[in-house]
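The values are calculated or read from the model by the stated rules, or taken from the named source; none is laboratory data. Note that the structure is a prediction, hence the values are computed from the model and not measured. Here the Cβ positions follow ideal geometry from the backbone for every residue, glycine too, while neighbour counts run over all protein chains shown.
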Amino acid sequence: MHDPRECPGCEKRAKERMERYFTSLKAVLATQAGREVLDVILDRSGVHAPSLWEPSSRINYLTARRDFGQEIVNDIAHASFSAWVTMQQDRFNAAEIEVKAHEADEKQYQRRGK
Ligand SMILES: [Zn+2]
């Protein structure tokens, strides 16, 4: 067995694999479905969470997940910065729609005398 880190052939193939990854990521980011899937994955990683505080060693697990999410964010921004901006705009728009829907719910409950 040889050390892939010291093998020019392995190094070349690893480099080509990353080039294909970024080309494919760019193609995925060009679609609404791709951006939505990545947004859910990033949400699960906790990358958008305001705080990961936990009074136990679980905080290490959550921090590692968020670090991985951050790695994906960096890849997305590298593959297509404009797609990353679009994803943030979509998050903002979805949050606004959510707030309005919640306000409408509140009004309905109030009209029913709660
Ligand atoms: Zn090799």
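The table below lists the values:
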{"item": "For A64: the one exception among (1) over 25 Å from M18 (Cα atoms); (2) under 16 Å from the mean Cα position of the chain (by Cα); (3) small (G, A, S)", "result": "(1)"}
{"item": "R66 vs. criteria touching a Gly at 6+ places or on another chain (Cβ under 6 Å), within 21 Å of V47 (Cα to Cα) and not small (G, A, S)", "result": "yes"}
{"item": "Filter result for the condition that a residue is of a type outside the set (A, V, I, L, M, F, W, C), in contact (Cβ under 8 Å) with a residue 24 or more places away in the chain and not in a helix (DSSP H, G or I), over H2, H78, H48", "result": "H48"}
{"item": "Where F92 falls short, out of the listed (1) among the aromatic types (F, W, Y); (2) loosely packed, with under 12 Cβ neighbours inside 10 Å; (3) under 13 Å from the mean Cα position of the chain (by Cα)", "result": "(3)"}
{"item": "Any hit, segment 18-26, residues being assigned to a loop (DSSP other than H, G, I, E, B) and more than 14 Å from W84 (Cα to Cα)", "result": "no"}
{"item": "Segment 48-78: number of residues that are among the hydrophobic types (A, V, I, L, M, F, W, C), within 22 Å of F92 (Cα to Cα) and at pLDDT 95 or above", "result": "4"}
